[in-house]
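In what follows, a structure is listed as structure tokens, so that the remarks can point back to it.
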Amino acid sequence: MRLRLPQERPAEPPTGYKIAYPVLSRNATGAGFTGVSLGGGAPYGALDDARCVYGRRHHPPARRCDCGFHCLHSLADALALTCAGQHRRAVVLEIGVLGSYIRYERGMRYARQRVRTVRVGSCACGRDAVRFADAGWGRPGWRVVAADCGGCALGGASVTFEEFEKLVGDGVKVTAERSGAVTDRTLPELMAEAALLQARLDWFEGQLARFPMPD
Ligand SMILES: [Zn+2]
Ligand SMILES: [Zn+2]
């Protein structure tokens with residue numbers, strides 16, 4: 001008797017989360033993602049099929065192999081991975097699992113995926129990121145790019161998040177985390193702050209007026 005795993009027939013593609021690095025092609029006319037594991041496999045596009053990393057002639061996810069795309073069920077688990085030192089600069093992808101898949105306790109291994117959103121953290125300096133810029137490493141033909149505030153990575157290739165969305169295509173959305181220092185303030189709070197600044201400026205001008213001005 002053959003033992004078979006239960007078959008699932010979801011009405012909608014299951015959602016998963018994974019960490020990855022965004023990549024730009026050498027001449028910056030294409031974009032995609034690459035895995036974080038050693039080797040990482042070939043970069044993949046927004047909608048792509050997994051290939052067996054060992055070059056075996058089967059379709060991932062094969063039972064007796066560990067090939068295929070991988071994801072976690074929970075966003076929190078994926079975000080937790082970006083705390084690890086070597087993955088600090090990775091982005092978190094929300095993906096739709098397409099084709100056949102094998103379900104595990106914490107995630108899935110599967111044949112085909114659609115990247116829906118890219119969550120970008122802050123620049124390495126701590127400021128909010130406004131673009132992707134050359135991270136200084138890559139894969140053959142592809143440069144890895146990472147979140148940048150616009151002032152830290154100078155000289156290398158860079159793209160705005162909108163440009164990256166266009167290059168990667170297929171309706172992928174990039175969302176950058178915001179520290180919220182200014183945007184979360186209410187209008188009355190901002191007015192109060194402006195009044196305070198004005199009062200300090202008046203005081204400053206008063207102090208300055210006490211000194212004779214050089215001519
Ligand atoms: Zn395989
Ligand atoms: Zn920065």
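When the Debye formula is applied to the Cα atoms of the stretch 83-215, each taken as the same point scatterer, what base-10 log of I(q)/I(0) results at q = 0.10, 0.22 Å⁻¹?
The Cα Debye sum returns log10 ratios of -0.56, -1.31.
Which of the peptides 168-179, 189-200 is most tightly packed, and how do the rest follow, judged by the mean count of other Cβ atoms within 10 Å per residue?
Descending packing order for the listed peptides: 168-179, 189-200.
In nanometres, what is the gap between the two model label sites at LEU190 and TRP137, each 7 Å from Cα along Cα-to-Cβ?
Calculated label separation equals 4.1 nm.
Distance from a point 7 Å along Cα→Cβ of ALA42 to each backbone N in the stretch 59-76: keep the residues under 15 Å and list them by number.
The answer is 59-60, 68-69.
Between THR82 and GLU162, how many nm apart are label points set 7 Å from Cα along the C-beta direction?
Roughly 2.2 nm, to one decimal.
Quick one: pull the percent of accessible area on the stretch 40-158 belonging to carbon and sulfur, 1.4 Å probe, ligands and nucleic acids left out.
50
Determine by what factor the alpha-carbon radius of gyration of the stretch 15-176 differs from 2.2 N^0.38 Å, reporting the quotient.
Ratio of Cα Rg to 2.2 N^0.38 Å: 1.01.
Exactly which chymotrypsin sites (Phe, Trp or Tyr not before Pro) in the stretch 98-192 are in a DSSP loop and have at most 16 other Cβ atoms within 10 Å?
TYR104
With a cut-off of 8 Å between alpha carbons and a minimum separation of six or more residues, what is the relative contact order of the chain in percent?
19
Nearest 20 debye, what's the magnitude of the dipole of the stretch 15-176 about its Cα centre given +1 on Lys and Arg Cβ and -1 on Asp and Glu Cβ?
That gives a dipole near 580 debye.
Could you work out Rg/(2.2 N^0.38 Å) for the stretch 126-168, with Rg from alpha carbons only?
After normalising by residue count via 2.2 N^0.38 Å, the value is 1.12.
Hey, can you find the accessible area per residue of the stretch 81-215 for me, probe 1.4 Å, expressed in square angstrom?
That works out to 64 Å² per residue.
On a full-extension model of 0.36 nm per residue, what is the gain between ASP170 and SER74, subtracting their alpha-carbon distance, rounded to one decimal in nm?
Using 0.36 nm per residue and subtracting the Cα-Cα distance, I get 32.2 nm.
With θ set to phi - 60°, apply the Karplus curve 6.51 cos²θ - 1.76 cosθ + 1.60 along the stretch 138-147 and write out the HN-Hα couplings as whole Hz, x wherever there is a Gly or Pro.
Once θ is set to phi - 60°, the couplings for the stretch 138-147 become x, 10, x, x, 9, 9, 7, 10, 9, 4 Hz.
Residues with amide H under 5 Å of VAL120's amide H, sequence separation 5 or more or different chain, H placed in the peptide plane at 1.01 Å from N; which?
THR175, ALA176, GLU177
The values are calculated or read from the model by the stated rules, or taken from the named source; none is laboratory data. In this text the structure is predicted, and so the values were computed from the model without any measurement. Cβ coordinates were reconstructed from backbone atoms using ideal geometry, including for glycine residues, and neighbour counts include every protein chain displayed. Side chains are part of the model used for accessible areas, which takes the heavy atoms of the whole protein and leaves out ligands, DNA and RNA. Shrake-Rupley method; radii C 1.70, N 1.55, O 1.52, S 1.80 Å.
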